[in-house]
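The values are calculated or read from the model by the stated rules, or taken from the named source; none is laboratory data. Nothing here was measured: the structure is a model prediction, and the numbers come from that model. Positions of Cβ are generated from backbone atoms using ideal geometry, with glycine treated the same way; all protein chains shown enter the neighbour counts. Surface accessibility is based on the protein's heavy atoms, side chains included, excluding ligands, DNA and RNA. Shrake-Rupley method; radii C 1.70, N 1.55, O 1.52, S 1.80 Å.
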Amino acid sequence: MIDPELRSELKKQGVFTTSFEELYNWGRKNSIWPLGFGLACCAIEMIATSMARWDLARFGAEVFRPSPRQADLMIVAGTVTKKMAPQVVRLYNQMPEPKYVIAMGACAISGGPFKQGYNVLKGIDRYIPVDVHIPGCPPRPEALLHAFMTLQQKIDGQALTGPERPRHLVSEMPSEFPVPQFGEHDLEPPSNPAVWRPPLAAKA
Amino acid sequence: MEPLEQIIARVEKAVPGVRLELVVNNSPSGQHSILIDVAGALEVAKFLRDDALLRFDYASNVTGVDWPDTVSKKIVKVKQVVEGVEKEVDQTIEEKKPGYLEAVYHLYSMELKHGPLILRMRTGNRAEQVQLPSLTPVWRGCEFQEREIFDLYGIQFEGHPDLRRILMWDEFKDFPMRKDYVEPDDYEYEPTAHDEVLEKTKRHRAQEASAT
């Protein structure tokens, strides 16, 4: 690693130094291509975010891809019903690594106003790992932009080597997650314990 | 629209053997409805659609109602001979009323601009006699709504062209809108539990504690 002081001195002299990791993350964080899919009213806010007024293109993320094979980011925008949950997990499995998930809105993070219903999943984080949660019903486009910036910071800080490297660079970690099956009374299993455990604080 | 009594009289005259009943609604809205018996329901529906004075050509809404089994207690004074003396003794009689499922149709006439006419049909009970005739052959718009009632209440519509679940998945066995539906116990994490949810959360934790 280059000494930061030397680096800033070099910069003043017109010499730009970088590392492969920085360059790689810089490129990745500024070209996050989301998967173009929405589940409910949050999707309308997501669409608004991509249009001229909020202009998601400033972050290099305006290219909503119609295929999961070309997408880096899944924005779970809206209510995930139990009938839809297996398809969402399947789409996530079909995305190539590195992949990220933003759970947008009260429904996607917890079930929201439909939490006590018989047909709504209590948060998509029960089946797939979520990087950024956005509360709100629906969240304003600014909130989604903030989530984007949070995700960019996360990508920027990811080391490519060493024990702190992200999940997709650890060969033992799964890149696919089990798709829940339709059961007679509920989805089976009701959650993936490898991804989601009830927070301990709530048990006390 | 003519009064319901008159409609009932005309239907009973036009469709032989059918018996209709006026279900009175005592609330301020006063939306009375007609209970039709299952056997002649299709004929009654056709009459309501085709009669020149009625012309109910549009079923705007079909919904279900679950009426669970009820037990009403009555206290009756009974004369009994106690120790040689005749006395009046209070006796409670439990009256069990079997529940039923109900399908409610709201009909309008686009042509004559009147309505709604509310039709009701009741099943025999809530367990095995849950068949009702489908009115989809008369009003095509009932198709999805009858499927929804089948999905959520479990009424079997006979003569329906495509009776499958519409909201829940096909493997699902329960009927979630019935009063005795038991929901899956997924109360392991309730950050802001209160009232009913708090009770369920406590029950879940007690079960979890006893399991470990």
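In this simple spin-label model, placing a label point 7 Å from the Cα along the Cα-to-Cβ direction at both B:V23 and A:H146 gives a separation of 5.0 nm.
How would the stretch B:33-173 be classified by its alpha-carbon gyration tensor: rounded, prolate or oblate, with rounded meaning a/c under 1.5 and the a/b versus b/c comparison settling the rest? It comes out prolate by the Cα gyration axes.
Write down, largest first, the equivalent ellipsoid semi-axes of the protein assembly as shown in whole Å, where each equals the square root of 5 times an eigenvalue of the alpha-carbon gyration tensor.
Taking √(5λ) for each Cα gyration eigenvalue gives 60, 30, 18 Å.
In the stretch A:151-183, comparing the full protein assembly with the chain on its own, the residues that lose 30 Å² or more of accessible surface at a 1.4 Å probe are A:F182. Averaging the Cα positions of each part gives two centres, and for the stretch A:126-141 and the stretch B:118-195 these lie 32 Å apart.
The long axis of helix A:20-29 is offset from the longest Cα principal axis of chain A by roughly 40 degrees. Only protein heavy atoms count here; on that basis, with a 1.4 Å probe, B:K179 has an accessible area of about 150 Å². Looking only at the stretch A:121-145, which residues have a backbone nitrogen under 19 Å from a spot 7 Å from the Cα of A:Q153 in the C-beta direction? Residues A:130-136, A:140-145 fall inside that zone.
Among the protein heavy atoms of the protein assembly as shown, carbon and sulfur supply 55% of the accessible surface, probe 1.4 Å, non-protein parts ignored.
Between B:S210 and B:W67, the contour length at 0.36 nm per residue exceeds the Cα-Cα span by 47.9 nm.
Solvent-accessible surface, computed for protein heavy atoms with a probe of 1.4 Å, shrinks by 30 Å² or more for the following residues of the stretch B:164-187 when the other protein chains are added to the isolated chain: B:M168, B:W169, B:E171, B:K173, B:D174, B:P184, B:D186.
Rolling a 1.4 Å probe over the protein chains gives B:E190 an accessible area of about 10 Å².
Among residues other than B:S109 with Cβ under 11 Å from its Cβ, the summed charge is 0 (Lys and Arg +1, Asp and Glu -1).
Measuring from a point 7 Å past the Cα of A:W54 along Cα-to-C-beta, which residues in the stretch A:101-118 have an amide N at less than 12 Å? Flagged as within label range: A:104-105. Ranked by solvent-accessible area (1.4 Å probe, protein heavy atoms only, all chains present), the residues A:M84, A:M95, A:M173 order from largest to smallest as A:M173, A:M84, A:M95. Within the listed set A:P141, A:P66, A:P174, the Gaussian network model of chain A (springs between alpha-carbon atoms below 10 Å) gives the highest mean-square fluctuation for A:P174.
A straight chain from B:S60 to B:E88 at 0.36 nm per residue would run longer than the Cα-Cα distance by 4.5 nm. Kirkwood's formula applied to the C-alpha pairs of the stretch A:79-200 gives a hydrodynamic radius of 15.5 angstrom. Between A:L6 and A:L160, residue separation times 0.36 nm minus the direct Cα-Cα distance comes to 53.1 nm. Sorting B:T136, A:T81 by solvent-accessible area of protein heavy atoms yields A:T81, B:T136, largest first, with a 1.4 Å probe. Most simply put, chain A has about 20% antiparallel DSSP beta bridges, counting only bridges with both residues inside it.
For the protein assembly as shown, what is the accessible area per residue in Å² when the probe is 1.4 Å?
56
Buried surface between chains B and A: roughly 2000 Å² of accessible area, summed over both sides, computed with a 1.4 Å probe on protein heavy atoms only. Residue order by solvent-accessible surface for B:V15, B:V38, B:V85 is B:V85, B:V38, B:V15, largest first, with ligands and nucleic acids left out and a 1.4 Å probe.
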